[in-house]
1. Taking the Cα centre of the stretch 221-313 as the origin and placing charges on Cβ (Lys, Arg +1; Asp, Glu -1), which of 288, 265, 254 is farthest toward the positive end of the dipole?
2. Please report, in Å, the Rg and the Dmax of the stretch 122-226, where both are computed over Cα atoms only.
3. Apply the a/c threshold of 1.5 to the C-alpha gyration tensor of the stretch 273-322 and tell me whether it is rounded, prolate or oblate.
4. Give me the accessible area per residue for the stretch 269-409, probe 1.4 Å, as a whole number in Å².
5. Multiply the residue separation of residue 120 and residue 355 by 0.36 nm, subtract the distance between their alpha-carbon atoms, and state the gained length in nm to one decimal.
6. For the pair residue 444 and residue 129, how long in nm is the line joining their label points, each one 7 Å along Cα→Cβ?
7. Can you check how the C-alpha radius of gyration of the stretch 385-437 compares to 2.2 N^0.38 Å, as a plain ratio?
8. Go through 89, 120 and list them by solvent-accessible area, largest first, probe radius 1.4 Å.
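The values are calculated or read from the model by the stated rules, or taken from the named source; none is laboratory data. Model, not experiment: these values are computed from the prediction. When we count neighbours, we look across all protein chains shown, and the Cβ atoms used for this are built from the backbone with ideal geometry, even at glycine. What goes into the accessible areas is simple: the full protein's heavy atoms, side chains included, and nothing from ligands, DNA or RNA. Shrake-Rupley method; radii C 1.70, N 1.55, O 1.52, S 1.80 Å.
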Amino acid sequence: MRASLLAVVSLLRHRAALGNIHSLFTQHALRVNAVNGKVDKSVCRRAGFSVDGGTIGNAPNHDVERENMKVAILGGDGFCGWPASLYLSDQGHEVIIVDNLSRRAIDEELGAESLTPIVSIEERLAAWTEVSGKTIGFCNLDVAQDYDGLLEFLTTERPDAVVHFAEQRAAPYSMKNSRTKRYTVDNNINATHNLLAAIVESEQDIHVAHLGTMGVYGYGTAGMKIPEGYLDVQVDAGENGIVEQQILYPSNPGSVYHMTKVLDQHLFAYYAKNDELRITDLHQGIIWGTHTEQTQKDERLINRFDYDGDYGTVLNRFLIQAGIGYPLTVHGTGGQTRAFIHIRDMVRCIELALNNPPARGERVKIINQMTETHRVRDLAELLAKISGAEVAYVPNPRKESSENELHVTNDTFLELGLKPTTLSEGLLHEVEEVARKYAERVDRSKIPAQSLWTKQQQAGVPDSVASDATDTAQA
Ligand code: NAD
Ligand code: USQ
């Protein structure tokens with residue numbers, strides 16, 4: 001049969017929101033502790049919650065009215081997970097963070113630190129209780145490696161929803177060498193699959209909200225708007241005529257990291273079909289900014305802010321570079337167009353996604369979590385204009401299109417009430433100020449992107465920095 005994909009997009013209609021989930025349960029303080037980097041299963045076990053002294057047994061956790069949800073945040077110590085945990089706790093949800101602190105370990109491995117001084121998870125949680133009067137639980141657990149611990153956690157805690165941030169998320173780190181490639185695949189795919197298998201085994205109806213990426217689509221749009229996950233196609237079935245189908249938008253990942261998110265998509269599709277798990281996959285653009293209302297309440301609640309060549313993302317890197325007087329490192333021509341979302345909108349999107357889960361039996365709900373697109377060189381030129389920074393066009397360490405257009409559909413969150421926080425001079429200055437405040441913590445040698453996609457690429461070192469290094473070496 002000659003099958004050709006003829007055509008193209010139309011927006012999928014999103015099912016009506018199911019309405020807010022309300023909780024019968026009172027807010028119940030619980031704390032699951034980290035013990036020497038290992039899962040303290042005895043503590044996890046003890047953390048079962050009860051109302052009026054009676055343990056909630058096997059009550060179904062999907063069809064009761066709830067004011068607040070019990071939400072497990074996998075990866076809740078990270079750049080997105082920490083502010084999301086604080087935000088959801090602030091809104092009155094019961095939050096438990098699950099994290100193996102691997103991101104902190106990678107900082108040590110790379111000899112790079114967050115620009116902002118982040119305190120230990122124990123201090124963070126204690127500070128939040130002091131500031132807000134609320135308690136966030138914590139379980140130190142490797143979601144990718146400790147399946148039994150994860151199953152026990154779900155069985156004991158019975159969360160209404162799990163937000164899954166727990167993956168290795170840097171494309172450059174994933175491309176450094178075969179060890180980091182293998183780690184990224186093992187960690188990300190196992191984390192996602194363990195979660196799905198454990199939910200099935202626990203026999204609970206837990207809504208999973210996963211942080212995926214715009215990068216699953218690739219960034220070329222063939223002149224159209226990228227839809228929210230699914231593409232309407234017409235297949236020429238020969239004598240049977242034209243057959244209409246909806247398929248996952250064809251993937252085109254640009255790194256091993258992005259590829260793991262493509263593989264995640266297929267795991268989700270399978271478990272939604274076979275086990276009727278309720279899954280939302282949030283295809284998120286590049287986050288910028290660092291503070292949220294909650295992280296600003298106390299210095300000990302400060303969010304991490306990556307600037308190094310592996311974990312720093314483009315706009316945040318430019319802001320830090322502008323703040324400390326380092327040339328803005330535009331890769332190649334800077335013609336790459338990407339999707340962006342401010343960190344304060346990210347936390348709100350998570351809440352909106354949790355409040356509007358798909359129904360059981362429904363296919364995976366895919367939402368594009370981005371608010372605007374920008375071309376990299378335009379961002380650099382804008383910052384140069386408002387801050388006086390120098391722009392350096394450096395070799396591109398990545399193998400990627402040098403120029404691309406990007407048009408994205410993002411109706412779902414707008415219809416659910418998101419009011420986008422778009423790029424403004426005021427916000428750009430605010431972030432740059434953070435960089436200035438902590439400028440003495442910056443290790444300038446960690447700034448250039450050194451991870452090469454292939455041996456043909458070169459590191460993204462500005463000429464002025466390379467010649468300074470040569471001068472210093474010769475002196
Ligand atoms: P991050 O590295 O700061 O946080 C990830 C957290 O997950 C870390 O605290 C880490 O310790 C934890 N973790 C990783 N593997 C784990 C495991 N096996 N078990 C338990 N915990 C584990 O990353 P982030 O920027 O907060 O990103 C969170 C998610 O959002 C990622 O999945 C990423 O792909 C996605 N995302 C991020 C951005 C962005 O710009 N930062 C953009 C789009 C999507
Ligand atoms: N870039 C520069 N100069 C820099 C850093 C980056 O020109 O100093 C360019 C890159 O070459 C690339 C673009 O900026 O073309 C974006 O790079 P990035 O590091 O900001 O973003 P990316 O590697 O795609 O990854 C980040 C997050 C990842 C998330 C993804 C969303 O680390 O977790 O999934 O953004 S998206 O880009 O929409 O796929």
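1. 288
2. That works out to 17.3, 52 Å for Rg and Dmax.
3. Here the stretch 273-322 falls in the oblate category.
4. Accessible area per residue: 30 Å².
5. Computed gain between residue 120 and residue 355 is 81.5 nm.
6. Reported label-point gap for residue 444 and residue 129 is 4.4 nm.
7. Compared with the compact-globule rule of thumb, the stretch 385-437 sits at 1.67.
8. So, going from the largest accessible area down, we get 120, 89.
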